[in-house]
Structure formats: C-alpha cells, structure tokens
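The values are calculated or read from the model by the stated rules, or taken from the named source; none is laboratory data. Only a predicted model underlies this, so the values are computations on that prediction, with no experimental measurement involved. A quick note on method: Cβ atoms are made from the backbone with ideal geometry, for glycine too, and the neighbour counts reach across all protein chains shown. Only protein heavy atoms, including side chains, enter the accessible area calculation; ligands, DNA and RNA are left aside. Shrake-Rupley method; radii C 1.70, N 1.55, O 1.52, S 1.80 Å.
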Amino acid sequence: MAGQEIAMLAFYHAPWSRSSTVFWLLEELGVPYELKLVDIRAAAGVAEDYRAIQPNKKVPAIVHDGTVVTERAAISIYLSETFGEAGLAPKPGDRDRAAFLSWLVYADAVFDPVLAVRAHGWDYVPSRFSFGSYEDMVRHLERTLSSRPYIAGDRFTAADTQVGGAIGYAMTALGQLADSPVLKDYADRLTERPAYKRFAQKDFELAKAAGMAG
C-alpha cells in the first residue's frame, strides 16, 4: 500500500528441496521477499550460525520483520494469513477451514515420512508408526481429490501448494503416485497456474547455478 512500510520477509531456501513448496506459495501470494540460499548439500554441512534460524539446519524457514517461523505447515499458515488479501487461507468459521489446516499438517506429518520410507525401501509395521502406511495415504488422497477439485474444497488454497507440490515431487523425482489418474490430473491442473510456472523456472535456474541441472 502506498506510503506504508513493508516488513522485511526473508526466505531461506535450497533449490529442489522441501522448501520449494514454500517458494511456490510465495509466488502465489505475490509479496516481496528476500531469497537467502542455504547449501544443504555442502560437503562440510550447513554453517553452524544458521542453527539460530532453523535448529536442525534444514529448509525452509522465514524471518518476517524479526519473527522466525519454521516448518512448512506453520510457514504456510503464517504467510497465507499474514497476507490474507490473496485469499489462500480459509478464515475461522469457513467450512473449508478444518480441511485446510488438516491437510497442511498431513503433508508434513504423514505424506513426507511415508514417502521417505517408501523411497528408501524400508520395511516397517505401519501400526507402530504415527504416519501409518503408504497405501492408506494414497487412498486418502484419492478419495479426497475424487470428490473435489482442490485439497481443501472447491477453491485453491495454500494447502494445495504443499500437498500438490509434494505429489508432484513424488511423481517426477521418485517415480511414485504417477499411476493414479486422480492424482495425476490434480498435479497437472496445479502446474498450469502462472505462479507455479514462475516458481518452477526460478527454482530451475537456482539448481542450474548450483550445478544440479543441465
């Protein structure tokens, strides 16, 4: 807004990593931010002073006007509500609010660990782990996306950047989920969004500069 000072927003990111979904969200919000690259793949490890921002020296993290926020679900809620004019967070009392919050946490607490276990081929008893089984996760996604166009309801929200981004990564990088027509249709629909295309191009250029892409 003219004449109003904009609080500084710093985004800590590594290309082609878990922070890429937050990168996409920032492009959807259309707010100014300062990109701060974190070399999570450095042979010597991430610099120790970064631990003051992220205790496990992981990405993503943001610092907004001196306030640190970590973990994708928390960052997504914080950003989409702080910049609520973009309409990416259903407000309290909205019928989609519960699904919005549930899916943001599900992406981190269930989808991510289940996919990691699957990708590494680990054998485990799902009932003994909080995140359960890969098969249950896929069924839950397919049931939900068979009944509505977006993960939290009839409109695109910040939850789609996190769930949709995770599905896209699983398909393109890990060769998982691509045999599900429902999930593929959802992923294809999201990648047509202008903000997704902007983020993807920027992330590719960053990866290329880091020697990760040809």
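Explain nothing, just the number: dipole magnitude of region 1-149 about its Cα centre with +1 on each Lys and Arg Cβ and -1 on each Asp and Glu Cβ, in debye rounded to the nearest 20.
Computed about the Cα centre, the dipole is about 440 debye.
Probe of 1.4 angstrom, ligands and nucleic acids ignored: what's the accessible area per residue over region 1-100, in square angstrom?
That works out to 52 Å² for each residue.
Output the peptides 105-113, 150-158 sorted from most to least packed, where packing is the average of other Cβ atoms within 10 Å over each peptide's residues.
Ranking, from highest mean packing down: 150-158, 105-113.
As a quick test, which of the pairs 36/184; 36/197; 91/197; 91/202; 57/184; 58/208 have an alpha carbon distance above 25 angstrom in this structure?
36/184; 91/197; 91/202; 57/184
Kindly identify region 44-123 as rounded, prolate or oblate by the Cα gyration tensor criterion: order the square roots of the eigenvalues as a ≥ b ≥ c, call it rounded if a/c is under 1.5, otherwise compare a/b with b/c, prolate if a/b is larger, else oblate.
Since a/c reaches 1.5 but b/c is at least a/b, the shape of region 44-123 is classed as oblate.
If you wrap a convex hull around the alpha carbons of region 19-67, what volume per residue comes out, as a whole number of Å³?
Per-residue hull volume (Cα only) is 82 Å³.
Shape call for region 115-214 from the C-alpha gyration tensor, a ≥ b ≥ c root eigenvalues: rounded (a/c under 1.5), prolate (a/b greater than b/c) or oblate?
oblate
Taking the Cα centre of each part, how many Å lie between region 49-72 and region 176-214?
Taking the Cα centre of each part, region 49-72 and region 176-214 sit 24 Å apart.
Just how large is the dipole of region 49-135 about the Cα centre, in debye to the nearest 20, putting +1 at every Lys and Arg Cβ and -1 at every Asp and Glu Cβ?
Dipole size: approximately 180 debye.
Quick one: among 47, 195, 73, which has the greatest mean-square fluctuation in a GNM of the chain with alpha-carbon springs under 10 angstrom?
Comparing 47, 195, 73 in a Gaussian network model of the chain, the most mobile one is 47.
What is the gain in length, in nm to one decimal, between residue 51 and residue 189 on full extension, counting 0.36 nm per residue of separation less the C-alpha to C-alpha distance?
This chain segment gains 46.0 nm when fully extended.
So, with a 1.4 angstrom probe, what is the percent of accessible area on region 1-97 that is carbon and sulfur?
Carbon and sulfur together cover 54 percent of it.
Under 1.5 on a/c is rounded, so check that first for region 159-211, then, if it is not, pick prolate when a/b is larger than b/c and oblate when it is not; a ≥ b ≥ c are the square roots of the alpha carbon gyration tensor eigenvalues.
Here region 159-211 falls in the oblate category.
Charges on Cβ only, +1 for Lys and Arg, -1 for Asp and Glu, centred on the Cα centroid of region 129-214; of 195, 159, 207, which one is farthest towards the dipole's positive end?
Checking the options against the dipole of region 129-214, the answer is 195.
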